[in-house]
Amino acid sequence: MENTSENKYSFKVVLLGEGCVGKTSLVLRYVEDKFNKKHITTLQASFLTKKINYNGNRIHLNIWDTAGQERFHALGPIYYRSSNGAILVYDVTDEGSFQKVKNWVRELKMMLGSDIVLAIAGNKIDLQKDIIVPLETAESYAESVGAKHFETSAKNNIGVEELFLELTNMMIASH
Ligand code: GDP
Ligand code: MG
């Protein structure tokens, strides 16, 4: 018999993190399976929608990327308001970008409480010999704030699908 009890969800997901860590690259890899060597300053729209089927659920992920405002410390609550999930991105070769993730986690928890589902992505793991942030450090920090940690490479397409799917899974569970 046909399954007619399919659920539909629409989730808002925001990406946050320091400039140049690869937020836009992760979105473009996931949504369009593309990678660009240049820094992409703006997307066509303020968000891209990815439609997926997941465990019999039909899901619209509305994925919000910044237009680079993070460079001017000008990314306010309007951007992340009413998000179901956030992906906090750092560059595994840049310690400072990992510290920035901690600031974002603090701000999100203060402004949105614990309703928001958090994923932390250590991006650019293809640059293996330059990795500075130890995986164990990042993982235990993530655990301490109730977030899940992922290692990704938008460039080599490592862990990107898993990042978005696991986040979706967590958003469904907390819905
Ligand atoms: P954003 O400012 O956080 O949106 O970062 P971008 O997506 O614009 O990427 C900044 C730079 O990092 C660009 O030159 C990208 O090509 C590069 N980049 C992004 N992801 C990766 C990755 O996984 N590996 C490597 N080696 N470079 C990456
Ligand atoms: Mg960007």
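Quick one: would you say Thr24 is in a loop (DSSP other than H, G, I, E, B), in contact (Cβ under 8 Å) with a residue 24 or more places away in the chain and within 13 Å of ligand 2 (Cβ to nearest atom)?
In short, no.
Looking only at the range 147-164, which residues are among the hydrophobic types (A, V, I, L, M, F, W, C) and within 11 Å of the chain's Cα centre (by Cα)?
Phe150, Val160, Leu163, Phe164
Please go through the range 129-175 and pick out each residue that is at positive phi and of a type in the set (S, T, N, Q).
Matches in the range 129-175: Asn157 only.
Read through the list (1) of a type in the set (A, V, I, L, M); (2) modelled with pLDDT of 85 or more; (3) within 17 Å of Ser153 (Cα to Cα), then give the number of the only condition that Ile40 fails.
(2)
Give the residues of the range 60-89 that are among the small types (Gly, Ala, Ser), away from ligand 1 (no atom under 16 Å from the Cβ) and under 23 Å from Met170 (Cα atoms), sorted by residue number.
The answer is Ser82, Ser83, Gly85.
Six or more apart or on different chains, Cβ atoms under 7 Å: show the pairs whose first residue is in the range 51-69 and in a loop (DSSP other than H, G, I, E, B) and whose second is basic (Lys, Arg).
If the second residue must be basic (Lys, Arg), the pairs left are Asp65/Lys23; Thr66/Lys23.
Of all residues in the range 71-86, count the ones that are within 15 Å of the chain's Cα centre (by Cα) and farther than 17 Å from Ser10 by Cβ.
Of the residues in that region, 1 qualify.
The values are calculated or read from the model by the stated rules, or taken from the named source; none is laboratory data. Note that the structure is a prediction, hence the values are computed from the model and not measured. Don't worry about glycine lacking a Cβ; one is built from the backbone with ideal geometry, like all the others, and counts go over all protein chains shown.
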